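Chemist: What follows is a structure written as structure tokens; I'll ask about it next.
The values are calculated or read from the model by the stated rules, or taken from the named source; none is laboratory data. These numbers come from a predicted model, not from an experiment. Counting neighbours? That spans all protein chains shown, and the Cβs are built from the backbone with ideal geometry, glycine included.
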Amino acid sequence: MGGGSQKKLALFLVPGAIWATVLLGPGTVASGDTGAVQWLPPTPPIGSTIAATAGVKLSLRLAASSAVPGNLVQIRPATRLPRGANLSSLPGNPARAVLRWTPQGRQIGDHALSFKAFDNSPSRLTSPIMTVPVRVRPGTAILSGVGNVSRWAFVVRTTVVRSGPRLSGQAKARLSRWTPENYPNPVMTLRERVDRNGVWVQIRLPILPNNSTGWVRRAALGSFKATSDHLIVDRAATKATLFRNGTPIFSARVGVGKPSSPTPRGEFFVTEKMSGFHNAAYGPVAFGTSGRSAVLTDWPGGGFIGIHGTNAPRLIPGHISHGCIRLRNAAILHLARILRVGTPLSVR
């Protein structure tokens with residue numbers, strides 16, 4: 001490169017993409033050839049290696065110009081691009097182009113992306129071939145727990161939950177499309193992993209022991225749905241608070257499990273919303289959760305912890321239940337208007 005000085009590559013990570021730019025002085029070219037068509041910043045300098053992540057969009061910017069002011073320059077691939085990659089080129093002087101590519105797990109490894117620039121003069125002046133090495137590494141994206149955002153999805157096909165993101169992982173559970181009460185079955189998603197084993201999602205499991213997690217194939221889940229809601233139940237204070245984007249929007253005193261049948265501590269999520277009970281003990285509305293009682297429960301079907309109304313409001317607040325979280329009927333009706341399936345639930 002001009003003057004033999006060493007140029008450095010800077011990678012900037014922005015949501016959903018990697019933008020590649022270079023720190024070059026004005027007029028510096030990315031090749032020792034100073035012909036009529038030259039590469040310009042932000043084209044990466046020779047010797048640079050671009051780091052890319054499987055499952056994350058890579059955007060690589062290129063520019064080239066002709067020494068003849070009136071000539072029109074175009075940028076094109078010099079060799080076949082990787083599967084899924086696309087080059088958008090804007091002719092001009094200088095010409096500009098952007099390569100966009102979201103590498104897949106099977107594309108992990110080293111790739112050489114080559115480009116050429118040429119003008120529209122009768123002699124068709126061309127630049128030196130620009131080859132950019134790209135190294136694709138496995139990718140892991142955090143789906144829940146960053147800021148106030150959590151993501152969940154419905155199970156769309158019965159699937160086996162594995163101990164790790166691979167088919168050889170130990171089977172931990174089997175997920176159905178339906179809850180025990182025959183509602184669509186949601187799961188809280190924690191991380192997404194893209195590697196040579198495919199695309200896998202780590203989920204929170206509605207099994208004992210509580211707070212268990214496992215991995216399922218991405219294809220077993222529907223689209224991710226985001227929420228900024230978070231319901232927190234404080235057992236010692238016998239209080240439930242619903243937060244939206246970090247701000248409390250609902251609070252009520254509750255009844256929780258007795259010492260002999262405690263409401264389990266941990267991280268759970270709301271799985272379903274039900275009404276029309278014939279048993280007044282559950283009040284007008286009930287929510288299912290992924291929490292399980294290791295002792296016993298008064299939730300239909302056995303084992304699951306519910307959030308519901310009551311026909312004994314005088315007992316609230318207190319440690320009164322077999323593990324479920326009870327609210328006075330007026331409070332559960334208010335909560336039913338704002339609490340949604342997929343909301344994270346923390347019991348402390």
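Chemist: Check segment 68-77 and report whether any residue there is crowded, with 17+ Cβ neighbours inside 10 Å and free of Cβ contacts under 8 Å to residues at least 24 places away in the same chain.
Modeler: So far as segment 68-77 goes, no, none of its residues is crowded, with 17+ Cβ neighbours inside 10 Å and free of Cβ contacts under 8 Å to residues at least 24 places away in the same chain.
Chemist: Residues that are polar (S, T, N, Q), modelled with pLDDT under 95 and surrounded by fewer than 21 Cβ atoms within 10 Å (Cβ to Cβ): does segment 276-283 have at least one? Give the derivation first.
Modeler: So the first thing to find is which residues in segment 276-283 are polar (S, T, N, Q), and the list is 279.
Cutting the leftovers down to modelled with pLDDT under 95 gives us 279.
Add one more test, that the residue is surrounded by fewer than 21 Cβ atoms within 10 Å (Cβ to Cβ), and what stays is 279.
Yes; the residues of segment 276-283 include at least one that is polar (S, T, N, Q), modelled with pLDDT under 95 and surrounded by fewer than 21 Cβ atoms within 10 Å (Cβ to Cβ).
Chemist: Please count how many residues of segment 246-288 are more than 29 Å from the chain's Cα centre (by Cα) and among the aromatic types (Phe, Trp, Tyr).
Modeler: Qualifying residue count for the region: 2.
Chemist: What are the residues in segment 289-316 that are in contact (Cβ under 8 Å) with a residue 60 or more places away in the chain and surrounded by fewer than 16 Cβ atoms within 10 Å (Cβ to Cβ), if any?
Modeler: Those that are in contact (Cβ under 8 Å) with a residue 60 or more places away in the chain and surrounded by fewer than 16 Cβ atoms within 10 Å (Cβ to Cβ): ALA294, PRO300, GLY301, LEU315.
Chemist: Please count how many residues of segment 107-127 are at pLDDT 95 or above and surrounded by fewer than 16 Cβ atoms within 10 Å (Cβ to Cβ).
Modeler: So the count comes out to 4.
Chemist: Can you tell me how many residues within segment 97-133 are charged (D, E, K, R) and touching a Pro at 6+ places or on another chain (Cβ under 9 Å)? Spell out the reasoning first.
Modeler: Pass one, segment 97-133, residues charged (D, E, K, R): 100, 106, 110, 116, 119, 124.
Checking the rest, the ones that are also touching a Pro at 6+ places or on another chain (Cβ under 9 Å) come to 110, 116.
Here the count works out to 2.
Chemist: Another question, if that's okay. How do the pairs read when you match residues in segment 321-348 that are on the phi > 0 side of the Ramachandran plot and in the same structural domain as PHE268 (by TED's automatic domain parsing) with residues anywhere that are in a loop (DSSP other than H, G, I, E, B) and of a type in the set (Ser, Thr, Tyr), using Cβ under 7 Å and keeping only pairs 6 or more apart or on different chains?
Modeler: From residues that are on the phi > 0 side of the Ramachandran plot and in the same structural domain as PHE268 (by TED's automatic domain parsing), the pairs are GLY323/THR263; GLY323/SER293; GLY323/THR297.
Chemist: Scan segment 155-205 for residues that are at pLDDT 95 or above and of a type in the set (Asp, Glu) and report the count.
Modeler: 2
Chemist: Out of the residues in segment 151-201 meeting the condition of being in contact (Cβ under 8 Å) with a residue 40 or more places away in the chain and of a type in the set (Gly, Ala, Ser), tell me which one is farthest from ALA54 (Cα to Cα).
Modeler: ALA173
Chemist: Answer yes if at least one residue in segment 21-40 is in a strand (DSSP E or B), surrounded by 15 or more Cβ atoms within 10 Å (Cβ to Cβ) and at pLDDT below 90, and no otherwise.
Modeler: First pass over segment 21-40, keeping only residues in a strand (DSSP E or B): 21-23, 37-40.
Subset that is surrounded by 15 or more Cβ atoms within 10 Å (Cβ to Cβ): 21-22, 37-40.
Subset that is at pLDDT below 90: 21-22.
Looking for residues that are in a strand (DSSP E or B), surrounded by 15 or more Cβ atoms within 10 Å (Cβ to Cβ) and at pLDDT below 90, one finds at least one in segment 21-40, hence yes.
Chemist: Among the residues in segment 231-238, are any among the polar types (S, T, N, Q), closer than 20 Å to SER144 by Cβ and assigned by TED's automatic domain parsing to the domain that holds ARG314?
Modeler: If we filter segment 231-238 for residues that are among the polar types (S, T, N, Q), which is where we start, we get 238.
Okay, now just the ones that are also closer than 20 Å to SER144 by Cβ, so none.
No - not one qualifying residue is present in segment 231-238.
Chemist: If I ask for residues that are at pLDDT below 95 and crowded, with 20+ Cβ neighbours inside 10 Å, which ones from segment 206-227 would you list?
Modeler: Correct list: PRO206, ASN210.
Chemist: Step by step: first the residues of segment 48-79, then only those that are closer than 13 Å to VAL132 by Cα and assigned to a loop (DSSP other than H, G, I, E, B), then the one that is nearest to the chain's Cα centre (by Cα). Which residue is that?
Modeler: Selected residue: THR49.
Chemist: Suppose we keep only residues that are in a strand (DSSP E or B) and free of Cβ contacts under 8 Å to residues at least 40 places away in the same chain within segment 245-274. Which one would you say is surrounded by the fewest Cβ atoms within 10 Å (Cβ to Cβ)?
Modeler: In the first step, residues of segment 245-274 are kept if they are in a strand (DSSP E or B); the result is 247-253, 255-258, 261, 266-274.
Remaining after also requiring free of Cβ contacts under 8 Å to residues at least 40 places away in the same chain: 247-248, 251.
Values: THR247: 9, PRO248: 11, SER251: 13.
Among them, the one singled out is THR247.
Chemist: Another question, then. Taking the criterion of being out of contact with any Gly (no Cβ under 9 Å at 6 or more places or on another chain), of a type in the set (Asp, Glu) and at pLDDT 95 or above, would at least one residue in segment 228-238 satisfy it? Give the steps one after another, and end with the answer.
Modeler: Let us first name the residues in segment 228-238 that are out of contact with any Gly (no Cβ under 9 Å at 6 or more places or on another chain), namely 231-234, 236-237.
Now restrict to residues that are of a type in the set (Asp, Glu): 234.
Retained after the next criterion (residues that are at pLDDT 95 or above): 234.
So far as segment 228-238 goes, yes, one or more of its residues are out of contact with any Gly (no Cβ under 9 Å at 6 or more places or on another chain), of a type in the set (Asp, Glu) and at pLDDT 95 or above.
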